[in-house]
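Engineer: One structure is given below, represented as structure tokens, and several questions about it will come after.
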Protein chains: 2
Amino acid sequence: MTQTETCTGQETLVFATSSAHAKAVELGKHVVRMTTIAGSGHASSGLALGHIIVELMYRQMRYDPADPWNPASDRLILSIGHAVPIVYAAYADLGGAVGNDPNNPRFLTVDDLWTLRELSSVLDGHPNPAEGFPFFDSATGSLGQGMSVAAGLALAARLDGIDKRIYVVAGDGESREGQVWEAADFIIDHELTNICVIYSCNGHGQAAPVSPQQYPEAIAAKATAFGWEVIEVDGHDPQQLSAAFEKVGAGGRPTAIVARTIKGWGVDLMRGKNFHGIPVPAGDLEKACAELDATGERLGAAPDGGMTPRPPAVVPRRRHAGPINLPGFQTALKRVGLDSTLKTKRLATRAAYGAALVALGDTDPRIVCLDGDVRNSTFAELFANEHPDRFFECKIAEQNMISAAAGLAAAGKIPFASSFAKFIARAVDQIDMASITRANIKIVGSHSGVSLAADGPSQMSLADVAYFRSMTRTDLGQGNIACHIFHPCDAVSAYRCTELMANIEGLCYLRTHRPKADFIYPFDERFEPRGCKQLRTGKHLTIVSCGLLLHTVLEAAEKLSEEGITCNVFDAYALPLDPAPIFDAARASGGVILTVEDNYIGGVHAEIAEAAAETGKIRVYGMTARRIPKSGRTAAEVFSHIGVGLTHIMKRATTLARR
Amino acid sequence: MTQTETCTGQETLVFATSSAHAKAVELGKHVVRMTTIAGSGHASSGLALGHIIVELMYRQMRYDPADPWNPASDRLILSIGHAVPIVYAAYADLGGAVGNDPNNPRFLTVDDLWTLRELSSVLDGHPNPAEGFPFFDSATGSLGQGMSVAAGLALAARLDGIDKRIYVVAGDGESREGQVWEAADFIIDHELTNICVIYSCNGHGQAAPVSPQQYPEAIAAKATAFGWEVIEVDGHDPQQLSAAFEKVGAGGRPTAIVARTIKGWGVDLMRGKNFHGIPVPAGDLEKACAELDATGERLGAAPDGGMTPRPPAVVPRRRHAGPINLPGFQTALKRVGLDSTLKTKRLATRAAYGAALVALGDTDPRIVCLDGDVRNSTFAELFANEHPDRFFECKIAEQNMISAAAGLAAAGKIPFASSFAKFIARAVDQIDMASITRANIKIVGSHSGVSLAADGPSQMSLADVAYFRSMTRTDLGQGNIACHIFHPCDAVSAYRCTELMANIEGLCYLRTHRPKADFIYPFDERFEPRGCKQLRTGKHLTIVSCGLLLHTVLEAAEKLSEEGITCNVFDAYALPLDPAPIFDAARASGGVILTVEDNYIGGVHAEIAEAAAETGKIRVYGMTARRIPKSGRTAAEVFSHIGVGLTHIMKRATTLARR
């Protein structure tokens, strides 16, 4: 129940108003003090949010600060992440729980605020749940991503049958990010009417005032055009805020509250000048606090000791789920009508991914799927057909798709998000942010590398392996790493790699291909993270490849064997990988390794070369895409164009084998 | 002059209409035939654009198909890149020039259309100017980027005093991409009223019909809310199209023409079914062409032999400019009031970048600068102050910033686009597309690595080096490569690296840092692409580092020397680099190299290890960020947190030196 519901008439409003002002002043002083002590931080943006945060965290949100893990809680996404000190102040005032263990929480006190931005503090410079601040669901601070995360949380709540609200606090300047409008479309498409976005329109960006395009009236007009319920308020007027929140969801549409706010509210010395991200100098600290007190007094602030949040509903806790085991490959193909390929022994890895996804969905209700208008290409369509309630069409908006996946993961789902590998690049910053959150998301890039051929480079991914691999040495503790890459060469391995991804806690990336490929593995072959497979043995050279191009490598090895040159051939289907078996084979075959990939550098070659360079004994040579590709009518033509065609491989292998 | 201007009254319109229908049918048949012959390609999306392309390329645009290099030409950005066959058909019909040499063009014929998507053809699967189709300014096909490129072209035209129009043809589903709305804001901010976007609203995405959020009325409402002049038309009605184009720019605002179109127009067998990206089967080819003829007949199509584009204005050609030489470092610092740092010998690399940018702007009028609301952090502000006409504030919208930079580059400018390195990740796909275009853009990421410290990981870049490095082995011919990275450790090298970037033709990436750093180099030191510098000599180990962390490495080396362990220390300020001097030093000091970086893997370590693994004699060990960072109050604390602190370096170096 809200304050306004507990009493009636004018008295209520005066009461609510005076206590809200008092709390805004109290928290504001904390914000000023904590940033001054930290020597950095965004006091002025936090002050702009004072009344909004008070209204949300003390009056509107149904949650228990002592149990932020409660799945029934209303959630707050601070999309304008740099304003976080005001949330820290409120949460400390409420004795909110921190830490990473729900069974062993610590309760924040106001004194903790003075540790802001310290290495040992849970109060990071921007919202960062993974470092022990579970009130948040997502790292924010790279702007414009919060609405998408909220959408993921709202989808999960619907699946779980939980009636909760997701509040997003965003900035005016932030609404320049296109992702905000991708999310606005998505939230309308999926009728997520329990989402309420509050735009804090303080009129200032970092470097300058915001553009007129981001004035409150412009944001209101845009949100209206996008189909949202729009309410404009004075962001420092508790009555207007309270009245606005009472209307949330009433119109059957998601709500945008466009709030005019004041950057540096209540502190004269912060106004007029650009105090973005700059704390009050220590010498001015008491003056600033006195100004806040005076502002409160002017507004009739009167403390109310009894401000407590509304309790959340009671719902069962999520239980820890065991490993997900898929049925046999043949069973899974039959399930989706692809069993004719069991005879032809030829199927695209993307199709096997689709079959695996359906089987995962059959097995575990946490599995959900998102796709960006290419589900008929990625084969996410199979899942959409079989589990329509857990499939979320994101249309052509990859940034929103990835952040929404992170929101779903925050609510305990295991989301698989697919598009062409090339278009996944659209969401690199969103993946970075999900990585900071340690979000359990699975990204699937189809049509990877250059084997798509005819469509040309705008549809091909060549830098994706280097990007995702960059995170594969980043330790998350407890044996986890920040990212696993899987790059299967055939349908059997694609099926099993998808299963592996579902069972790994954390970010995984799967590369699939458009063309059909012969089966390489028996139907019952097993795979593992960090694994690789030896497919041929030989005496003269060791070749490592992966994906569709591995078929060309095998063909080259076969032809070379006819010429008397025999090669070990390894399938590096996983990155990172344990290179020991590859090095063992290399030592027994001349000590030379050749890697072959149809992506740019930074992938398998780097993986093997970095490990080999520590031994100083094995020599490693890499073949990667040495040209920007163009259209060709066949994959073989484009492989050849970029320098990794059959004849290139044979020639290079021959040279190396004869050294 | 347009057709409608050459005659008067009803007769004109009938004439224009009948000839437009005839041309649309003629080109449509080419589209159907070329995609069927190619065995892939987007015939249906092309047919939807028939009348729009006829109106633009035969009637509205002022250009000479035989000279697409003419800087005065109106330009067409096909943002909906997959629809390109219709443009190829028109351009071939007009005998347009192709090839990469304006002095030696080849003129397209209709027979060339049957080479669509062949490896040797200039007719790539999606617009791809770099492969010899200079009618386009930018590779497209990853959707939603065209308006931003158009903005860059329009800004360049204004700087050059050229009155030309930039037309963008976009899709309805494509308008889901947030970047479209970033561009919409930017174009309004900069009053680029010579831009006209035509949305082809055919109602179909790839996987399904578009969302109601992308219906023509929704797009019109959104564009209106964003401040555009909106005209709704039937996209297959030549009269309505002609009338709409006559109004472009009249209202003093950019124009959005929202055109209802039919996917697969004129070919019954393509309608109703989802023919996205699927050509007509060979057996149906003649039937499809007959259907187009019948459609034309029904509409009164009558060929007009005299349809020719309007000629462009005559303006001087751009002249080839020589190398840009900057003044001395001291002179440049004085120019921007930073000369006090010449005595303290301490300045942030980001500040030196700003000084270099001003000096570049003083020296060469082609230098332009873009920034995303952080110019006071990146020091682009210095340029904005001194060369305001060539500075373009992009606000918080990095995707649009990078694509706009690509547009400026296409018009002969040398754009430097800056933001926090972390936020550059927002535009990876845009950088990919610019790379395909071979755009001459310079990207500057400030606050790179983790040395920003207190703000936490949402503001830190750790994967950027791996991403940009992935392109550094990609050969563009004539000695060029797809990307150069510069990562200076002090102000002197930052100044000179900025100069190097301006003189390299192609994509470059500069990493700068927030904290001040002591000068390491003398003011007159020279640097070069692929260079590195030896800063210390020693007998026991060779250490390679770069950027701000190099100062910690030097401190470690100094302390180690006091313990009797002497190290070679190299500054790897450039990637790629020639490792020969590093290897020479390593061979003379135990054959072991230690690399030290505050980013994830895939950077300097990969660079050195890959080269070393080919020799098989030098051992290389890497120290990189092994944890996801968090806030700390100092850079040293965060270096230590992620495993590259002073004591970590000393310990690892000691172990390696004593092996």
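Engineer: Just to be sure I understand: if you take the accessible area of chain B alone plus chain A alone and subtract the pair, with a 1.4 Å probe, what total do you get in Å², rounded to 100? All intermediate terms of the calculation are to be shown ahead of the outcome.
Structural biologist: On the way: alone 24590 and 24580 Å², together 39880 Å².
Summed over both sides, the interface buries about 9300 Å².
Engineer: Related question: Suppose each label sits 7 Å from its Cα in the direction of the beta carbon; what would the B:ASN104-A:THR655 distance come out to in nanometres?
Structural biologist: 2.8 nm
Engineer: Can you list, shortest first and in nm, the gaps between the label point of A:PRO388 and those of its counterparts in the other copies, using a point 7 Å from Cα in the C-beta direction?
Structural biologist: List, nearest first: 5.9 nm.
Engineer: Next question. For the rotation that brings chain B onto chain A, whose beta-carbon in chain B is nearest the axis, and what is that distance in whole angstrom?
Structural biologist: That would be B:GLY178, 1, residue then distance in Å.
Engineer: I need to check one value: relative contact order of chain B, counting alpha carbon pairs closer than 8 Å and at least 6 residues apart, in percent. The partial results should precede the final answer.
Structural biologist: Numbers: 1511 pairs, mean separation 78.1, N = 659.
After rounding, I find 12 percent.
Engineer: Any idea what log10 I(q)/I(0) is at q = 0.24, 0.27, 0.29 Å⁻¹ for the range A:137-186, Debye with uniform C-alpha scatterers and no solvent?
Structural biologist: Calculated log10 I(q)/I(0) at the listed q: -0.89, -1.05, -1.14.
Engineer: Shifting gears a bit: Ordered by residue, what ³J(HN,Hα) values in Hz, to whole numbers, does the range B:367-380 give under the Karplus form 6.51 cos²θ - 1.76 cosθ + 1.60, where θ = phi - 60° and Gly and Pro are x?
Structural biologist: 5, 10, 9, 10, 8, x, 6, 10, 5, 6, 9, 7, 6, 4
Engineer: What are the distances, in nm and sorted shortest first, from the label point of B:GLU555 to the label points of the same position in each other copy, with each label point placed 7 Å from Cα along the Cα-to-Cβ direction?
Structural biologist: 5.7
Engineer: Collect residues whose amide H, placed 1.01 Å from N in the peptide plane, falls under 5 Å from the amide H of B:VAL336; neighbours closer than 5 in sequence don't count.
Structural biologist: Amide H to amide H, under 5 Å and 5 or more residues apart or across chains, B:VAL336 pairs with nothing.
Engineer: Taking the Cα centroid of the range B:39-60 and of the range B:347-405, what is the distance between the two, rounded to the nearest whole Å?
Structural biologist: 38 Å
Engineer: Could you please tell me the mean projected area of the C-alpha convex hull for the range B:279-377, averaged over all directions and given in square nanometres to one decimal? Don't jump to the answer; show the numbers that get you there.
Structural biologist: Details: hull surface 60.9 nm².
Dividing the Cα hull surface by four gives the mean projection, 15.2 nm².
Engineer: Taking the Kirkwood radius as the inverse of the mean 1/r across Cα pairs, report the Rg/Rh of the range B:157-198.
Structural biologist: Values: Rg = 11.6 Å, Rh = 11.4 Å.
Here Rg/Rh amounts to 1.02.
Engineer: Something else about it: Taking θ = phi - 60°, what integer Hz values does the Karplus form 6.51 cos²θ - 1.76 cosθ + 1.60 yield along the range B:264-269, in sequence order, with x for Gly and Pro?
Structural biologist: x, 3, x, 10, 4, 5
Engineer: Quick one: Debye curve from the alpha-carbon atoms of the range A:329-518 only, equal weights, vacuum; give me log10 I(q)/I(0) at q = 0.11 Å⁻¹ to two decimals.
Structural biologist: After summing over all Cα pairs, the log10 values are -0.42.
Engineer: Hey, can you grab everything whose amide H is under 5 Å from the amide H of A:PHE519? Only 5+ residues off in sequence or another chain; H modelled, so Pro and N-termini drop out.
Structural biologist: A:ARG346, A:LEU347
Engineer: Related question: Work out which helices of chain B, taken as complete DSSP H runs, extend at least 27 Å along their axis over the Cα atoms and score a mean Kyte-Doolittle of -0.5 or more, then list them.
Structural biologist: On the way: long enough: B:9-38 (43 Å, 0.27).
Counting only whole DSSP H runs, the qualifying helices are B:9-38.
Engineer: Roughly what % antiparallel, to the nearest 5, for the DSSP beta bridges in chain A? Walk me through the intermediate numbers first.
Structural biologist: On the way: 14 of 71 bridges.
So the antiparallel bridges in chain A amount to around 20 percent.
Engineer: For chain A, what does the helix formula give at 222 nm: sum of -39500 (n - 2.57) over DSSP H segments with n ≥ 4, over the residue count, nearest 500 deg cm²/dmol? Don't skip to the answer; put the middle values down first.
Structural biologist: Working: 25 runs with 250 residues, N = 659.
About -11000 deg cm²/dmol.
Engineer: When the Karplus curve 6.51 cos²θ - 1.76 cosθ + 1.60 is applied with θ = phi - 60°, which whole-Hz ³J(HN,Hα) does each residue of the range A:102-109 get, with x for Gly and Pro?
Structural biologist: Result, ordered by residue: x, 7, 8, x, 10, 10, 5, 10 Hz.
Engineer: Now for a different question. Put +1 on the Cβ of each Lys and Arg and -1 on the Cβ of each Asp and Glu in the protein assembly as shown; which of A:VAL492, B:VAL233, A:ALA397 then has its Cα farthest toward the positive end of the dipole?
Structural biologist: A:VAL492
Engineer: If you take the beta carbon distance between A:ASP578 and B:GLU505 as r and set R0 to 51 Å, what does 1/(1 + (r/R0)^6) give as a FRET efficiency, to the nearest 0.05?
Structural biologist: Working: r = 42 Å, r/R0 = 0.83.
Here the calculated transfer efficiency is 0.75.
Engineer: Also: From the label point of A:ASN325, set 7 Å from Cα along Cα→Cβ, how far away are the matching label points in the other copies, in nm, ordered shortest to longest?
Structural biologist: Going from nearest to farthest copy, the values are 7.5 nm.
Engineer: Next question, about the same structure. How compact is the protein assembly as shown by the rule of thumb for globular proteins, expressed as Cα Rg over 2.2 N^0.38 Å?
Structural biologist: Details: Rg = 30.3 Å, N = 1318, 2.2 N^0.38 = 33.7 Å.
Here the answer is 0.90, to two decimals.
Engineer: How are the Cα pair distances of the range B:210-357 distributed, in percent, across 5 Å bins from 0?
Structural biologist: 2, 7, 9, 9, 9, 9, 9, 8, 7, 7, 6, 6, 5, 4, 2, 1, 0
Engineer: Points 7 angstrom from Cα along the Cβ direction at A:LYS516 and B:ARG310: gap in nanometres?
Structural biologist: For the pair A:LYS516/B:ARG310, the computed spacing is 5.3 nm.
Engineer: In the range B:533-658, what percentage of the DSSP-assigned beta bridges are antiparallel, given to the nearest 5?
Structural biologist: Details: 3 of 17 bridges.
Counting only bridges with both partners in the range B:533-658, antiparallel ones make up about 20 percent.
Engineer: Now for a separate question. Considering only DSSP beta bridges whose two residues both sit in the range B:329-518, what percent are antiparallel, to the nearest 5?
Structural biologist: That works out to approximately 25 percent antiparallel.
Engineer: Using modelled amide H (1.01 Å from N, peptide plane; none on Pro or chain starts), what sits under 5 Å from the amide H of B:ILE543, excluding residues fewer than 5 places away?
Structural biologist: Residues meeting the criterion, in which the H sits 1.01 Å from N, are B:ASN568, B:VAL569, B:PHE570, B:LEU594.
Engineer: If I take R0 = 25 Å and measure r between the Cβ atoms of B:LYS559 and B:GLN534 in this structure, what FRET efficiency does the formula 1/(1 + (r/R0)^6) give, to the nearest 0.05?
Structural biologist: Working: r = 19 Å, r/R0 = 0.76.
Computed FRET efficiency for B:LYS559 and B:GLN534 comes out at 0.85.
Engineer: Please give the contour-minus-distance gain from A:ASP293 to A:GLU217: 0.36 nm per residue of separation, less the Cα-Cα distance, rounded to one decimal in nm. Each step should come with its number before you reach the end.
Structural biologist: On the way: separation 76, 0.36 × 76 = 27.36 nm, distance 3.13 nm.
Contour length minus Cα-Cα distance gives 24.2 nm.
Engineer: The range A:533-658: percent of C-alpha pairs farther apart than 24 Å? Before the final figure, lay out the partial values.
Structural biologist: On the way: 1569 of 7875 pairs.
Summing the P(r) of the range A:533-658 above 24 Å gives 20 percent of all pairs.
Engineer: Based on the Cα atoms of chain B, what semi-axes does the equivalent ellipsoid have, where each is the square root of 5 times one gyration tensor eigenvalue, given in whole Å with the largest first? Mind showing how you got there, number by number?
Structural biologist: On the way: eigenvalues 554, 126, 91 Å².
After scaling each eigenvalue by five and taking roots: 53, 25, 21 Å.
Engineer: Give me the one-decimal nm value for the distance between modelled label points at A:ASP268 and A:HIS320, 7 Å along each residue's Cα-to-Cβ direction.
Structural biologist: Going from the A:ASP268 label point to the A:HIS320 one covers 5.9 nm.
Engineer: Using alpha carbons only, how many angstrom separate the centre of the range A:119-164 from the centre of the range B:579-627?
Structural biologist: Cα centroid to Cα centroid, the span is 39 Å.
The values are calculated or read from the model by the stated rules, or taken from the named source; none is laboratory data. In this text the structure is predicted, and so the values were computed from the model without any measurement. Counting neighbours? That spans all protein chains shown, and the Cβs are built from the backbone with ideal geometry, glycine included. The area values use the complete protein model at the heavy-atom level, side chains included, leaving out ligands, DNA and RNA. Shrake-Rupley method; radii C 1.70, N 1.55, O 1.52, S 1.80 Å.
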